[in-house]
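Participant: Right, I'll just put the structure down here and ask away after.
The values are calculated or read from the model by the stated rules, or taken from the named source; none is laboratory data. Worth saying up front: this structure is predicted, and the values here are computed from it rather than measured. Virtual Cβ from ideal backbone geometry, glycine too; neighbours counted across all protein chains shown.
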Amino acid sequence: MLNTLFSCSLLFSCTTELAPIDVTYTVENTTDLEINIRFYNKLNKSLVSETSTNLEYKGAQLSETIYDIRIKDKSNGLPTSAFKADSVVIIFNKQRFYTCIYNTSLKEFHPSTSRNIFNHDNYDHLEGDHYFFKIIQEDYNKAQDCNGNCK
């Protein structure tokens, strides 16, 4: 009888359910440049208009939240869920562009540097489940030139 009770208590203690949480990702323009952010879903081959936006001035922000998720580890992939996309083109003053991609099947980032907007580890932790990514002047400096024809 004691063995049965002990086995039952072990069984129930191992099947704890994760509590749902809301995770928010915020992207801020910290440059003096106008920034156009275009999120894409490569699977659907389409622009994600609900999260694509202009960050027209220094301090402008975009925030998206994933509601009621149950996760053990907030590692990679969550920003893709928040922005409903797996690739993004960041355009600076219609002169330069920077592309970030998250390959969902291979779970790989391109570029694999610390400046990929889809990598959770590249966000600063603010408080609770709120994370923050700054678009900085260095991103503009490293962006590809499109001779003022970025669209």
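Participant: What is the one condition in (1) assigned to a loop (DSSP other than H, G, I, E, B); (2) in contact with a helix residue (DSSP H, G or I) (Cβ under 9 Å, 6 or more places away or on another chain) that residue 149 does not satisfy?
Facilitator: If we test residue 149 against (1) assigned to a loop (DSSP other than H, G, I, E, B); (2) in contact with a helix residue (DSSP H, G or I) (Cβ under 9 Å, 6 or more places away or on another chain), just (2) comes out false.
Participant: Within the bounds of region 90-99, is there any residue that is part of a loop (DSSP other than H, G, I, E, B), out of contact with any Gly (no Cβ under 8 Å at 6 or more places or on another chain) and closer than 13 Å to residue 139 by Cα?
Facilitator: If we filter region 90-99 for residues that are part of a loop (DSSP other than H, G, I, E, B), which is where we start, we get 93-95.
Imposing the further condition that a residue be out of contact with any Gly (no Cβ under 8 Å at 6 or more places or on another chain) reduces the set to 93.
Still in the list and also closer than 13 Å to residue 139 by Cα: 93.
Within region 90-99, one or more residues are part of a loop (DSSP other than H, G, I, E, B), out of contact with any Gly (no Cβ under 8 Å at 6 or more places or on another chain) and closer than 13 Å to residue 139 by Cα.
Participant: Here is a list: 115, 38. Which entry is basic (Lys, Arg) and assigned to a strand (DSSP E or B)?
Facilitator: Details: 115 fails: assigned to a strand (DSSP E or B).
Testing whether each residue is basic (Lys, Arg) and assigned to a strand (DSSP E or B) leaves just 38.
Participant: Being more than 16 Å from residue 36 (Cα to Cα) and more than 16 Å from the chain's Cα centre (by Cα): is that true of residue 148 here? Steps first, answer last, please.
Facilitator: Working: more than 16 Å from residue 36 (Cα to Cα): no; more than 16 Å from the chain's Cα centre (by Cα): yes.
In short, no.
Participant: Hey, another quick one. Within region 37-75, can you find the residues that are surrounded by fewer than 16 Cβ atoms within 10 Å (Cβ to Cβ), at pLDDT below 90 and of a type in the set (D, E, K, R)?
Facilitator: Hits for region 37-75 are 42, 45, 68, 70, 72, 73.
Participant: Follow-up. If you check residue 47 against the conditions, is it within 17 Å of the chain's Cα centre (by Cα), under 24 Å from residue 145 (Cβ atoms) and among the aliphatic types (A, V, I, L, M)?
Facilitator: yes
Participant: Across region 96-135, which residue is surrounded by the fewest Cβ atoms within 10 Å (Cβ to Cβ) among those that are modelled with pLDDT of 95 or more and over 16 Å from the mean Cα position of the chain (by Cα)?
Facilitator: That would be 97.
Participant: Here is a further query. What single numbered condition from (1) touching a Ser or Thr at 6+ places or on another chain (Cβ under 6 Å); (2) touching a residue at least 40 places away in the same chain (Cβ under 8 Å); (3) not in a loop (DSSP other than H, G, I, E, B); (4) not acidic (Asp, Glu) fails to hold for residue 62?
Facilitator: Every condition holds for residue 62 apart from (2).
Participant: I need the full set of residues from region 79-116 which are of a type in the set (Lys, Arg) and out of contact with any strand residue (DSSP E or B) (no Cβ under 6 Å at 6 or more places or on another chain), in order please. Spell out how you get there, then give the answer.
Facilitator: Kept after step one, since they are of a type in the set (Lys, Arg), are these residues of region 79-116: 84, 94, 96, 107, 115.
Selection gives 84, 94, 107, 115.
Participant: Just to verify a result, which residue in region 1-36, among those that are surrounded by 17 or more Cβ atoms within 10 Å (Cβ to Cβ) and aliphatic (A, V, I, L, M), is modelled with the lowest pLDDT?
Facilitator: Among residues in region 1-36 that are surrounded by 17 or more Cβ atoms within 10 Å (Cβ to Cβ) and aliphatic (A, V, I, L, M), the one modelled with the lowest pLDDT is 23.
Participant: What number of residues within region 102-125 satisfy the criterion of being free of Cβ contacts under 8 Å to residues at least 24 places away in the same chain and within 18 Å of residue 22 (Cα to Cα)?
Facilitator: Number of matching residues: 2.
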